[in-house]
1. If every alpha-carbon in region 407-545 counts as one equal scatterer, what log10 I(q)/I(0) does Debye give at q = 0.16, 0.18 1/Å?
2. Got a sec? Charge dipole of the chain, +1 on Cβ for Lys and Arg, -1 for Asp and Glu; which of 443, 72, 152 is way out at the positive end?
3. Ratio to report: Rg/Rh of the chain, with Cα atoms as the point set and Rh obtained by the Kirkwood method; give two decimals.
4. If you place +1 on the Cβ of every Lys and Arg and -1 on the Cβ of every Asp and Glu, how big does the dipole about the Cα centre of the chain come out, in debye to the nearest 20?
5. Could you give the length gained on full extension between residue 8 and residue 348, defined as 0.36 nm per residue of separation minus the Cα-Cα distance, in nm?
6. To make sure I understand the rule: partners must be lysines, Cα under 24 Å from the Cα of residue 78, and not fewer than 8 residues away in the same chain. Which ones qualify?
7. Work out the FRET efficiency for residue 230 and residue 335 from their Cβ-Cβ distance, taking R0 = 35 Å, and round it to the nearest 0.05.
8. With the contact rule set at Cα under 8 Å and sequence spacing of 6 or more, what percent relative contact order holds for region 288-435?
Amino acid sequence: RNVIGEREIDALLIQPGDLLKIVPGSKVPVDGFVVSGSSYVNESMVTGESAPVLKEVNSLVIGGTINLHGSLHVQATKIGSDTVLSQIISLVETAQMAKAPIQKFADFVASIFVPTVVALSMITFVVYFSGVVGAYPRDWLPQNGTYFDFSLMFSISVVVVACPCALGLATPTAVMVATGVGANNGVLIKGGDALERAEKVRYVIFDKTGTLTQSKAAVTTVKVFTEMDRGEFLTLVASAEANSEHPLSKAILEYARHFHFFEDPSVTKDSQNETSDAKVTGWLRDTVDFCAVPGQGIQCYINEKQILVGNRRLLGENGVIIPSYVENIVVDLEESAKTGILVAYDSKLIGVVGVADPIKREAAVVVEGLFKMGVRSIMVTGDNWRTARAVANEVGIQDVRAEVLPAGKADVIRLFQKDGSTVAMVGDGINDSPALAAADVGMAIGAGTDIAIEAADYVLMKSSLEDVITAIDLSRKTFARIRLNYMFAMAYNIIAIPVSAGILFPWFKIKLPPWVAGACMAFSSVSVVCSSLLLRRYRKPRLTTILEITLE
């Protein structure tokens, strides 16, 4: 169609059918499809796919994603609440509203305990007041005492000594200390309910991109098939890639720069003392006739010789033959969740560069540590099946769900919740937020998006997977302490109430005056608080000892 003019408008004014120009670096305002142009779009916030996606004519684009370096003309199809992003937000709100509050054990005990104590106090009064009709000898009464005063003393002692302060302090004091300890260890806990649910976790569902992986493209493999020096090979590739805005190009350039300045013995002290700008470009070769081929790679000329950097299709269309052993290397890279980039110089294949999103170093140990704790790990991702399986195999996860949309992740959570199991979700992106909200325990990576952090119950501020184990372990130790507090408070009441009611008085003349009963009651509260404060001595499991954790 013919474009007769352009003007900038507010995104709220966009209507279905409008033709929009998306400039490089800007966000796509609404859902639609490309009518002209080509570019790479970062859709990781919605799909979880770490690599930018090529968008050409008739490709669908999602509102909220970021256009990287090309200009696109997009026809709007969905606006407002109909967009994918708005539907994700709606799913989060629905999942959060569906969470039922947990009835606290202390409230249940107190609802029975208080009327029971009042009843026991009245019964005690009646029993000892029955001395008026000769139920016990008059010499039991204190000097100048009356039956009413004698009975009232026992009755008041029962009420005072049985004040349920210890029961009321057992949970909040432990939760308060645990949340502070968690914060000191880089784990932010949003209240006691989150602690209570995490203690019962039996499944932990991990997102892949940014959670199990570092969400940063990096060169992992470099193979040179000629007698060319490795440094010379990287210099040629980096010189060509320096003209590209593609994220994989930036990863290659960064790797070559690191190799050039930190591993190449030819670098002299004088060159290291140059300015930073010279360091960035001084070692690169001059290129001419640079051309980026969408979906294939790049091509240019260095020293009047053509260099091709890209996939099989790029090299095939330029007449470069790919030997079978090189094809096998590329297939191996792809099956290892890496992107194999072929390099040809002067019509000859000279090497392969493998680029991948590296897995976090602690991922495999954390998965095994969770297994030792009786927690099963599952991976759910929007990435393709081959990449998902490769990553899962590397970290030791057996159950994988791939090519799952954000709403589908929440459905996977509900599937595991059907048998009553408590499910935790660990994620970092907007695409994970519905699942984080639907899970019994949502854990957001601290480096993740604001909406993911808002939807989560735990925030792992250090972005380390070790803190998943810390969160569960701290929760278990906290509730073990709470149970100990309840046991102490109940044992105290079981002993103190009968004594204060005068059950030992007929034989041993032992009684607890109200002031002594008050002191005992205060001591019980102080002891529960001190027990909770012992949680401050908590030390999170170290990575080297995680595998020694056993199911208690």
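1. For the requested q values the scattering log ratios are -0.89, -1.01.
2. Sorting the options by dipole projection puts first 152.
3. Here Rg/Rh amounts to 1.20.
4. 2340 debye
5. Taking 0.36 nm per residue and subtracting the Cα distance, the gain is 117.6 nm.
6. Here the lysines satisfying the reach criterion relative to residue 78 are 21, 27, 55, 409.
7. On the way: r = 24 Å, r/R0 = 0.70.
Efficiency, rounded to the nearest 0.05: 0.90.
8. 14 percent.
A short reminder: the numbers here are calculations on the coordinates, not readings from a lab. Everything numeric here is computed off the predicted structure, so don't read it as measured data. Here the Cβ is made from the backbone with ideal geometry for all residues, glycine too, and neighbour counts use every protein chain on show.
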